[in-house]
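Engineer: Have a look at the structure that comes next, please.
Derivation of every value follows stated rules applied to the coordinates shown; laboratory data play no part. Worth saying up front: this structure is predicted, and the values here are computed from it rather than measured. All Cβ positions, even for glycine, are placed from backbone atoms using ideal geometry, and neighbour counts span all protein chains on display.
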Amino acid sequence: MKILQLRFKNLNSLAGEWEIDFTAAAFAADGIFAITGATGAGKTTILDAICLALYGRTPRLARINKSGNEIMTRQCGECFAEVTFASESGTYRCHWSQRRARKKADGELQPPRHEIAAADTGAVLETHLRRVGSRIEALTGMDFARFTRSMLLAQGDFAAFLQADADERAPILEQITGTDIYSQISMQVHQRRGDERRRLEALQQELDALRLPDAEQLRQMEEELAQLQRQQSQVERQLLDVEQTLQWREGISRLEQELLSARQRHEQLQQRLQQFSARRQRLQRANAALELDAPYAALAAQRRQQQSDEA
């Protein structure tokens, strides 16, 4: 995570409202800075404000509640701490505050308020005191103890961090430096190596199961191949003969069907011819009479003329 901005009011000796923008040019350009001042000037208060805004507590004050608040500036009726930070999942703003009744210095302490919101949209993500700390831990990967032993070492705690076991320091350093990705890559590589080794062993077993033929077996296989090729050629010729035979058979069947149709047609024509025989005789006589029609007409005309002349 990276602290971007800090705002607080009435904490310890720093009365009033204060703001530090760590994205300003002076901080961003130099890259490293120090908080200096005389004893009691408020150096630790700045670190307390960051811790208070995130986790609602400080390394010096384990609990801040309605019963007591020793971090609020004396003779003040309210205090707050607000931090804007960035993590891998986004940018967030975390706000903690507490006030006295009617914001009067002699008023009764009220329960503290704690919330976390998205810095870009302002959408509030959580307001419950305990669940805000869980959400911070989920977003940053650090609870209060890990945060104070890595990101923010309180006075006298740096030696304890150095003297911690390697197993305790390793995840904290990975979280700070971002090298936890290399641990994940190492585990994935190790798992991939095991999977590939098992695949290689399986392939090696399959390869061992295969026996290459010797010269005699290879000669026999070549002879069998030549014999199979000859059989294949013979079968192909037989197949060609069968196909031709099938074509001839299909042609014969087609011609037989045509012959049967022709015979049926011939029988039908014979029947029609027999039915037409009587009419054919009449037609023949009519044709013969038609040839005499003109001479008969002339003869009839001469007869009528003769009768007329005789009369």
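Engineer: Taking amide H positions as placed in the peptide plane 1.01 Å from N, state which residues far from LEU109 in sequence (5 or more) or on other chains have amide H under 5 Å from it.
Structural biologist: Distant-sequence amide H within range of LEU109: ALA101.
Engineer: Sequence-distant or interchain residues sharing an amide H contact under 5 Å with GLU126, placed H: which?
Structural biologist: So GLU126 has HN proximity to ILE116.
Engineer: Turning to a different aspect of this structure: Pairs of Cα atoms under 8 Å, at least six residues apart: use those to get the relative contact order of the chain, whole percent. Walk me through the intermediate numbers first.
Structural biologist: Working: 296 pairs, mean separation 32.3, N = 311.
With pairs under 8 Å counted, the relative contact order is 10 percent.
Engineer: Give the Cα extents of the chain along the principal axes, in whole Å, largest first.
Structural biologist: Cα extents, longest axis first: 178, 96, 40 Å.
Engineer: For GLU78, enumerate residues with amide H under 5 Å from its amide H, sequence gap 5+ or separate chain, H modeled in the peptide plane.
Structural biologist: The list, which skips near neighbours in sequence, is ARG100.
Engineer: Of the candidates ALA262, ALA298, ALA26, which one comes out as most mobile in a Gaussian network treatment of the chain with C-alpha springs shorter than 10 Å?
Structural biologist: Maximum fluctuation in the GNM of the chain, among the listed residues, is at ALA298.
Engineer: To the nearest 20 debye, what is the magnitude of the charge dipole of the chain about its Cα centre, counting +1 on the Cβ of each Lys and Arg and -1 on the Cβ of each Asp and Glu?
Structural biologist: Details: 42 positive and 43 negative charges, 358 e Å.
With only Lys, Arg, Asp and Glu charged at Cβ, the dipole is about 1720 debye.
Engineer: Counting Lys and Arg as +1 and Asp and Glu as -1, what is the net charge of the other residues whose Cβ lies under 9 Å from the Cβ of GLY77? Please report the intermediate quantities before stating the final value.
Structural biologist: Values: positive: ARG99, ARG100, ARG102, LYS103, LYS104; negative: GLU78, ASP106.
Net of charged neighbours comes to +3.
Engineer: Select from ALA145, LEU109, ILE32 the residue farthest towards the positive end of the dipole of the chain; place +1 on Cβ of Lys and Arg, -1 on Cβ of Asp and Glu, and compute about the Cα centre.
Structural biologist: Checked the options; the winner is LEU109.
Engineer: Taking the Cα centre of the chain as the origin and placing charges on Cβ (Lys, Arg +1; Asp, Glu -1), which of VAL189, GLN264, CYS79 is farthest toward the positive end of the dipole?
Structural biologist: CYS79
Engineer: Right, another one. Is there a quick way to get the dipole size of segment 180-311? I mean about its Cα centre, with the Cβ of Lys and Arg at +1 and of Asp and Glu at -1; what is the value in debye to the nearest 20?
Structural biologist: Numbers: 20 positive and 22 negative charges, 263 e Å.
That gives a dipole near 1260 debye.
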